[in-house]
Amino acid sequence: MRDTQTRRHSSLAFAASALGLTFAAPVLAGDAAERLTERLDPLESYQASFEQRILDGSGDRLQSAHGEMWLSRPGLLRWEVDAPYSQIVVSDGDDVYLYDPDLEQVTIQVMDDRVTHTPALLLSGSASDLTESYEVFYEQDDGDDVFTLVPISADTLFEELSMVFDADTLTALWMMDSTGQRTSITFSDIINNGNIDRSQFDFDIPEGTDVIREEL
C-alpha cells in the first residue's frame, strides 16, 4: 500500500513539474534565445494530448502516463493525467491546484517564481522572462529544432529543459534533474491558438476534499 501511495505522489509531482532529456548546443546563446522567442511569442494558447515518461540514468523506464493539457497566456494551465492514475493540475493565474481525486486531496500553491519555473508553466509565461532566466542553446536533430534551457539560478526543479519544435509547433519537452533522472513528454493532436473556454482554468474544490495550502 505504501509503495502504491509513493508511486502516486511521485506521479503527481511529475505531472506538476513536467519533463525532459539533454542536448548539446552549437548555436550562440543569444541567437538561440532570439530563435526561441520567435517560436513562443505568437503562441497565445495550446492544447494537446500527451504521453509522459520517467527514465532513470541508464534510460530504463520507471513510470509512464498519458492525458490532455490546455494552456493559455498569461499563466493559465490545465494538465489532466488520465492513466495510470487520475490527477489534475490547474493554474488560474493566481494559484496552482494539484488534485488527486482518488486520494481526495488537493494541494494549493501560490504562483510565485518557484512554481512558475516548473516546465509546463514556463510555457504560459512570457518569452522575454524565459530568456532572461535561462541560458538558451539551439541545435537541429533529425529535422526538428531543439532548444535547451539551462537555469541561471540554482533554485529550479531541473538541470536542463529542452523544447522540441517541428517547424513552429511544439512537439515535445525533455527534462533532466540533478539526480540524472530524465523525464519526457511528447504531444499529439496539437491545436495552436485555438479557442479555449476560460472556465477550463477554474478549479472548484470538490466537497469532502482534504485541502493542503503550501505557504511561501
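Summary of values
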quantity: Accessible area (Å², 1.4 Å probe, nearest 10) - Glu68; calculated: 60 Å²
quantity: Asp197 accessible area, 1.4 Å probe, all protein chains in place, Å² to nearest 10; calculated: 100 Å²
quantity: Solvent-accessible surface (1.4 angstrom probe) belonging to Leu157, in square angstrom, nearest 10; calculated: 90 Å²
quantity: Rounded, prolate or oblate (a/c below 1.5 giving rounded, otherwise prolate when a/b exceeds b/c) for the range 126-206 by Cα gyration tensor; calculated: oblate
quantity: Those residues of the range 70-102 whose amide nitrogen sits under 15 Å from the label point placed on Ile190, 7 Å along Cα→Cβ; calculated: 70-71
quantity: Given charges at beta-carbon only (K, R positive; D, E negative), |dipole| of the range 164-216 in Debye; calculated: 260 debye
quantity: Distance (nanometres) between label positions extended 7 Å along Cα→Cβ at Asp202 and Gln63; calculated: 3.1 nm
quantity: Asp145, Asp210, Asp56, ranked by accessible area, largest first (probe 1.4 Å); calculated: Asp210, Asp56, Asp145
quantity: Cα-based shape type of the range 171-216, given that a ≥ b ≥ c are square roots of the gyration tensor eigenvalues and the cut on a/c is 1.5; calculated: oblate
quantity: Simple Cβ-charge dipole of the range 30-145, Lys/Arg +1 and Asp/Glu -1, about Cα centre, in debye nearest 20; calculated: 220 debye
quantity: List Ile191, Ile196, ordered by accessible area with a 1.4 Å probe, largest first; calculated: Ile191, Ile196
quantity: The range 119-183, accessible surface, carbon-and-sulfur percent (1.4 angstrom probe); calculated: 41 percent
quantity: Accessible surface ranking that places the most exposed of Ser153, Ser72, Ser178 first, with a 1.4 angstrom probe; calculated: Ser178, Ser153, Ser72
quantity: Mean-position separation - Cα centroids, the range 130-193 and the range 80-102, in angstrom; calculated: 22 Å
quantity: Cα gyration tensor category, rounded, prolate or oblate, for the range 61-188 with a/c compared to 1.5; calculated: prolate
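The values are calculated or read from the model by the stated rules, or taken from the named source; none is laboratory data. Keep in mind that this is a model prediction, so the values were computed, not measured. Glycine gets a Cβ as well: all are built from the backbone with ideal geometry, and neighbour counts include every protein chain shown. Please note that ligands, DNA and RNA were not included when accessible areas were found on the heavy atoms of the full protein model with its side chains. Shrake-Rupley method; radii C 1.70, N 1.55, O 1.52, S 1.80 Å.
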